[in-house]
Each structure stands twice: as C-alpha cells, then as structure tokens.
Amino acid sequence: VSEAARTYWCELAWLGVAAAVADVQVDVRDGRIVEVRPGVAPAPGAQRRRGLTLPGFANAHSHAFHRALRGRTHGGAGTFWTWRDAMYEVAEQLNPDSYYALARATYGEMVLAGYTTVGEFHYVHHSGDGTLYEEPNAMGDALVSAAADAGLRLTLLDVCYLHGGIGAELGPASRRFSDGTVAAWAARAGARRAAPHVRLGAAIHSVRACTPDEISEVVRVVDPAAPLHAHVSEQPAENDDCLAAYGRTPTAVLRDAGALGEAFTAVHATHLSDEDVHHLGNSRSTVCLCPTTERDLADGIGPAGRLATAGVSLVVGSDSQAMVDGLEEARAVELDQRLATGRRGTFSSADLMTALVGAGHRSLGWEDAGGIAVGQRADLVTVALDSVRLAGTEPAAALDAVVFAGTAADVTDVTIDGVDVVVDGRHRSIDVAADLTSAIDALTGARR
Ligand SMILES: [Zn+2]
C-alpha cells in the first residue's frame, strides 16, 4: 500500500453529529479524505483503528517557549504579572537554535495529544538586544522548521508588539518583541516565505502593546482574509488601564479600529461587558478560550455561554502550555460554565468537539481541516477506550466519555495530512520526553 492511497477502518468515528458512528471506513488519497463509509466491514489491507477516531485537534493559541516554565511557576502565590516576569527570563535566553529545539519538542507533545495544527502567537522575533537577526525572520523560521519536523501544521501569527503597556516604554526583556513601528513589523513579517504546512496570519499583541492608531494601521495593512488574533481582556487591570486611557474597553478599541470580523479571534475575552459580547457576536468574530492557562493564572472564567448565544464561534488553545491536552481544554469550557452559573449543559459534547476541531481550524485559516468528511485533510486522531480511564465505555456514549474523561495519554494514533505521525502512542520521529528535557535544561540551566 503506497503512502499516497490508503484505507483506515475505525471501530467508532465522530462524523460531526451527536454521537459516534460504528465501523467507518475512511479512504485517503494524497493526504485528503476521498470517501467515508459508515457501517461496513474492514476491507482487506485497511489499517484498523480501535477506540474512537476524531478529526484533528486545533490548538488555536500557543506560545511554544512557555513550555519551559511548566512546573516552575504554578505553585504558591504570585499573579499574572509575576508569572510574566518569569516568562520574560526564559524569553531572554532564546536564540534560533534553542527556540527550534524547544519548539520541536513542544510541538511533538502537541501531536501526541492529538493536535494537528497549532496557531503560534509569535512575538520573540528579534534578537536579545532588540535588533533584527541577519535573517530577519530567523526565529519564525525556527518555528516553521520545528513544526515540519514534528509533523504538525502551523499558522504563524506574527505579532505586532510596540509598547510595554499603555503609555509605557518597552522594558529590557520586551525590547526583542518590537519592530518599532507598524510599517517595520509589516515589512519584516511580510517578507516571510510560505510552506505547504504553514499558513501566515497576523496578531495584535493587545491594547497594552499597540495604541488604537497602531491597531488601525495593522488592520489596514494585513490581508483581510488571513487570520488576525489579539489578546483581549485577560485581566481586569487591562480593562482599567484601557478605560482610563481611551475611555473604551479593549473590545471597543479593536472594533473601532476595524479589527473585528470573521477573520478575527479574540484570545481569552475573560472580562467582557455585555456590549463587548454583542460586538463580538455581531461581527461573527471567534473567541479562543485557554481554560487551563486561565485557571493557572487566576484570570477568571470567560462568558462562554453568553458569547455562544451572541453568535461567537468558540475555540481553545494551550496558551502557556501549563498543560497540553485538548480534551481537557474542551471540557473545561463546559465545566467552568457549570461552576460559574450553577447549571449544566450549556455546551454538548458535540459543541465542545466542534470548538476543538472544525472551529479551531477555521480560526487558524485551515477551512479544509477539522472534519472526517470527503475533501477534508486526512487528519485522524484515535483515542483508546480500553485505558483505565475509559474502560467500560459503551459505544453509544463514546463521545461523552472521551470529551469528559479522556486525556492526552489516551490518544494512541495521529494521522496528519495522510501521514501517520503517532503510532501506538509514540511519535514516529521524535523522542518527545527526552527532547523536552534537553531543550528545557539548556534554557533554564537545570542540572540533573
Ligand atoms: Zn497568549
């Protein structure tokens, strides 16, 4: 059987409806799904997938280098702002080689968890002293190579980051995040080369890092069809500063600059007014929730139910890499609403899966990924149902069981664009744990 044409037979598969479907044959050619047939016996030579097979997961918001902070910042007290100082210390150590090594291992962890695309919110694009590398996109190129070597698709969201806060100068650590002006940012980011596994998008770091005029300028110079992401209202202090300086909320600043719309994703959107929710919904914008990070940093619980009712499409991201587990992010969207509202069932398992797969891929500019359907990219993520966590699951309840109790450790096989990248729980080309250890030790100076 050639790599170009192959057949998978899935014991159970999620085809986008309320429950999983049994005995599904998926024919793949040249990385695309060409036929999906439920209720058939396995064809000779078909690759059998036991358990529940899902479309590829999209990690719509990632800072790959934050993986080096795992376990170093979560215990004890501190605030978002003290966490940020620890993050700056790691950022200062990065160069294209160390960034490549850390990102490749981190992306390997994502693939093992079932992610098939990552949206990298990329702001460490200058050298440590704030100047351009000889190759101006050397740091972005490191991410592009890292994703290719991990077998992961990448949407590179090159971030415009010009100030250290509203009315504040850049600090020594954040100097390397800045191009100085919107025009210089657009010139550098625009010089980037595309690749088959890469989509290019843009990002406004936040209203803390760009003024309203600069945000308007970003909106004028970017491709209006390409993904545009921004951090929005993660912390109450951002809203307070923005209201004091501009008399408007961060969402209103972005709306007035023309940023909202179908290509726009607001990341976090934790502290929103009713008017903010209305504007995001009216403009058909997307909101990326990052629940495992938001709880770690005590950000708060975003108004997911109100956003969905207003017409906002919800997606999820691993953000600070406090955890890399798409199933945990997805279920937290519903479970956090239960805690916040005292009611269950704001989101069904199918709604949560949609956020993790199809909607997530759309927010990253991959309209042709995130579904097991003819014409889609051949991404297949299989979750075992015989692990200690999921043993005893009834086939009819497989989707609920996986969404509410499955973990990244239950993902056994991951196919991306028709290539089997994870087989029997192992990444086929990377020893992910060993590579994470060496990359993180090199950055943090840890000795063992
Ligand atoms: Zn972020």
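The values are calculated or read from the model by the stated rules, or taken from the named source; none is laboratory data. Values in this document were obtained by computation on a predicted structure and should not be read as measured data. Because the Cβ atoms are built from the backbone with ideal geometry, glycine has one as well, and the counts that use them run over all protein chains shown. Surface areas here come from the heavy atoms of the whole protein model, side chains and all, with no ligands, DNA or RNA. Shrake-Rupley method; radii C 1.70, N 1.55, O 1.52, S 1.80 Å.
Across the stretch 148-280, Cα pairs under 8 Å and at least six residues apart give a relative contact order of 25 percent.
Give me Rg over Rh for the stretch 76-128, both radii from the alpha carbons and Rh done the Kirkwood way, two decimal places. Using only Cα positions, Rg/Rh for the stretch 76-128 is 1.03. Each DSSP beta bridge with both residues in the chain is either parallel or antiparallel, and the antiparallel ones are about 40%.
Calculate, for ASP274 and THR79, the FRET efficiency according to 1/(1 + (r/R0)^6) with r their C-beta to C-beta distance and R0 22 Å; round to the nearest 0.05.
0.25
Under a point spin-label approximation (7 Å from Cα along Cα-to-Cβ), what is the ALA41-THR131 distance to one decimal in nm? It works out to 7.1 nm between the two label points.
For HIS126, the accessible surface of its heavy atoms amounts to roughly 10 Å² (probe 1.4 Å, protein chains only, rounded to the nearest 10). Here the scattering of the stretch 368-417 is modelled by Debye summation over its C-alpha atoms, one equal scatterer each and no solvent; at q = 0.15, 0.32 Å⁻¹ the log10 of I(q)/I(0) is -0.46, -1.13.
For the stretch 232-301, state the average projected area of the convex hull of the C-alpha atoms over all orientations, rounded to one decimal in nm². It would help to have the intermediate numbers written out before the result.
Values: hull surface 17.5 nm².
If you wrap the Cα atoms of the stretch 232-301 in a convex hull and average its projections, you get 4.4 nm².
Mean silhouette area of the stretch 291-404, derived from the convex hull of its C-alpha atoms and averaged over all directions, reads 8.4 nm². Relative to the longest principal axis of the Cα atoms of the chain, helix 236-246 runs at roughly 50 degrees. Of the residues ALA304, ALA168, VAL422, the one whose Cα sits farthest towards the positive end of the charge dipole of the chain is VAL422 (charges of +1 on Lys and Arg Cβ, -1 on Asp and Glu Cβ, taken about the Cα centre). Each of VAL253, HIS63, LEU399 was placed along the dipole of the chain (beta-carbon charges, centred on the mean Cα), and the one lying farthest toward the positive end is LEU399. When the chain is treated as a Gaussian network with alpha carbon springs shorter than 10 Å, the biggest mean-square fluctuation among ALA19, ALA41, ALA138 belongs to ALA41.
Can you give the convex hull volume per residue for the Cα atoms of the chain, as a whole number of Å³? Can you show the working numbers first?
On the way: hull volume 62.2 nm³, N = 448.
Value for the chain: 139 Å³ per residue.
Using heavy atoms of the protein chains and a probe of 1.4 Å, the accessible area assigned to TYR107 is about 0 Å². Share of carbon and sulfur in the accessible area of the chain stands at 51%, probe radius 1.4 Å.
Ranking HIS125, ALA142, GLY78 by how far each Cα lies toward the positive end of the dipole of the chain (charges on Cβ) leaves ALA142 at the top. For the pair ASP223 and ARG284, a Förster radius of 22 Å applied to the C-beta separation gives a FRET efficiency near 0.80, rounded to the nearest 0.05.
Within the listed set PRO196, PRO236, PRO136, the residue fluctuating most in the Gaussian network model of the chain (springs between alpha-carbon atoms under 10 angstrom) is PRO196.
Relative to the longest principal axis of the Cα atoms of the chain, the long axis of helix 432-444 lies at roughly 10 degrees. Remark: the GLU92-THR437 segment gains 122.3 nm on full extension, using 0.36 nm per residue and subtracting the alpha carbon distance.
Model label points for LEU243 and THR341, set 7 angstrom from Cα along the Cα-to-Cβ axis, are 2.4 nm apart. With helices as the sole contributors, the chain gives -10000 deg cm²/dmol at 222 nm; each DSSP H run of n ≥ 4 counts as -39500 (n - 2.57), and the sum is divided by every residue.
In the stretch 1-81, the C-alpha radius of gyration followed by the widest Cα-Cα span (Dmax) gives 19.6, 58 angstrom. Scaled to the globular estimate 2.2 N^0.38 Å, the Cα spread of the stretch 1-135, given as radius of gyration, is 1.50.
State to the nearest 20 debye the size of the charge dipole of the chain about its Cα centre, where the only charges are +1 on K and R beta carbons and -1 on D and E beta carbons.
Details: 37 positive and 57 negative charges, 116 e Å.
Charge dipole of the chain: 560 debye, to the nearest 20.
Computed over neighbours whose Cβ is under 14 Å from that of LEU94, the net charge equals -2, Lys and Arg +1, Asp and Glu -1.
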